[in-house]
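Derivation of every value follows stated rules applied to the coordinates shown; laboratory data play no part. Please read all numbers here as calculations on a predicted model, not as lab measurements. Backbone-built Cβ (ideal geometry, glycine too); neighbour counts: all protein chains shown.
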Amino acid sequence: MSSELVTCTVEDGIAWVWFSRPEKRNAMSPALNRKMVEVFDEIEFRDDVSVMVLGGEGTAWSAGMDLKEYFRETEAQGLGGVRKSQRESYGWFRRLRWFQKPTIAMVNGWCFGGAWGPLFACDLAICADEAKFGLSEINWGILPGGGVTKVAVDLLPMRDAMWLTLTGDLIDGKQAAAMRLVNESVPADRLKARTREVAEMLLQKNPVALKFAKDAVRRVSTMTYDEAEDYLVRMQEAANFHDKTEGRKEGIRQFIDEKSYKPGLGAYDLSKQKG
Ligand code: ACO
């Protein structure tokens, strides 16, 4: 049975991208990794896509790297095969970290090992209470590689990162939210509706500001205060240049002159801006 590996539909400004290999619990094979890049190429700069959601078909979000096709079969091809498959997987995780549009991981079920790479790469993460997260690497005799240990340490307190790394223990959605591995956990039957609500909230915001803001959150984490301050001044100036709608001025105008909204309580009306 051949599956589609990755599927995508675009609806009301939201691209719903799915790991679509449910019979293999959405394990990431080299073919799936290549297909993900093709889908990104199709949607990333489309004018009718403002937010991207990454979900999983079936019982898994993703069971991590495909132990047969990603590890065993590429290792059989020698170092060149291993490096190629690493470039392909790390490549789309990196692409996702810096994706042009805001991204939301919608985690429905199993999320193991390598799947923490795209989980971290998505800007926000919402999961089902029933989802299960684990660093199962230790259970089959490796360390969480390919960036996964870095993801665990960046997202979790050290004791939690160490516990999950050394024990391979599973945590459910509520525990993942309590540890801040995800933003929120909701009952499975609310997962898509809640994700849509969050996506719709992002659709209200200035898209240039969203891209610069999400990149800034990732970039400043490795900078000194002075470097970050300088970077943020330059990035705001760059955002002003890229925003042909002059959204910043419009946001001030609607508040100060028109008195039609309050920035403390919500976003200005994008439909009134020029461009
Ligand atoms: N790599 C390759 N094949 C996989 C993977 C995987 N990561 N996960 C599931 N599959 C395959 C199974 O081999 C099985 O194939 P088959 O139908 O041809 O026998 C099919 O998917 C269904 O898997 P089951 O184990 O039967 O599904 P079940 O729902 O009972 O269990 C679970 C799901 C818990 C996710 C289990 O499949 C599992 O433990 N998978 C491995 C998880 C894992 O440790 N991933 C690697 C993390 S480390 C890393 O990514 C670097």
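Within the stretch 98-127, residues that are in a strand (DSSP E or B) sit with their Cβ atoms under 8 Å from residues that are β-branched (V, I, T) and within 12 Å of the ligand (Cβ to nearest atom), at 6+ positions apart or across chains, in these pairs: W110/T59.
Each residue in the stretch 28-67 was checked for being crowded, with 24+ Cβ neighbours inside 10 Å, hydrophobic (A, V, I, L, M, F, W, C) and not in a strand (DSSP E or B), and 3 of them qualify. Selection over the stretch 125-143 of residues that are surrounded by fewer than 20 Cβ atoms within 10 Å (Cβ to Cβ) and more than 8 Å from the ligand (Cβ to nearest atom) gives a count of 5.
For the stretch 211-227, taking the residues that are assigned to a helix (DSSP H, G or I) and more than 23 Å from the chain's Cα centre (by Cα), the one that is surrounded by the most Cβ atoms within 10 Å (Cβ to Cβ) is identified as E227.
With respect to the conditions (1) assigned to a helix (DSSP H, G or I); (2) more than 20 Å from P118 (Cβ to Cβ), L202 falls short on a single one, namely (2).
Scan the stretch 236-243 and tell me whether some residue there is assigned to a loop (DSSP other than H, G, I, E, B) and over 27 Å from the mean Cα position of the chain (by Cα). Within the stretch 236-243, none of the residues are assigned to a loop (DSSP other than H, G, I, E, B) and over 27 Å from the mean Cα position of the chain (by Cα). For beta carbons closer than 8 Å, sequence separation of 6+ or different chains, a first residue in the stretch 140-155 that is closer than 13 Å to M179 by Cβ and a second that is basic (K, R), the qualifying pairs are L155/R180. Test G146 against the criterion of being surrounded by 15 or more Cβ atoms within 10 Å (Cβ to Cβ), within 16 Å of the ligand (Cβ to nearest atom) and within 30 Å of N206 (Cβ to Cβ), and give yes or no. Here the answer is no, as G146 does not meet what is asked. If you go through the stretch 28-57 and pick out every residue that is within 14 Å of the ligand (Cβ to nearest atom) and touching a Lys or Arg at 6+ places or on another chain (Cβ under 7 Å), you end up with 1. If you take the residues in the stretch 246-275 that are within 27 Å of the chain's Cα centre (by Cα) and part of a loop (DSSP other than H, G, I, E, B), which one is surrounded by the most Cβ atoms within 10 Å (Cβ to Cβ)? Only one residue fits best here, namely Y268. So, in the stretch 175-185, exactly how many residues are more than 18 Å from the chain's Cα centre (by Cα) and either β-branched (V, I, T) or surrounded by fewer than 16 Cβ atoms within 10 Å (Cβ to Cβ) (or both)? Of the residues in that region, 1 qualify.
Here's the yes/no breakdown for (1) in contact with a Phe, Trp or Tyr (Cβ under 9 Å, 6 or more places away or on another chain); (2) on the phi > 0 side of the Ramachandran plot; (3) of a type in the set (D, E, K, R):
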residue	(1), (2), (3)
W163	no, no, no
T167	no, no, no
A177	no, no, no
E197	no, no, yes
A216	yes, no, no
V220	yes, no, no
G247	yes, no, no
D257	no, no, yes
K262	yes, no, yes
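For the stretch 1-27, which residues satisfy the criterion of being within 30 Å of L270 (Cβ to Cβ) and not in a strand (DSSP E or B)? If the condition is that a residue be within 30 Å of L270 (Cβ to Cβ) and not in a strand (DSSP E or B), then D12, G13 are the ones that fit.
Which ones in the stretch 68-103 are of a type outside the set (D, E), surrounded by 15 or more Cβ atoms within 10 Å (Cβ to Cβ) and within 10 Å of the ligand (Cβ to nearest atom)? Residues satisfying the conditions are Y70, F71, S89.
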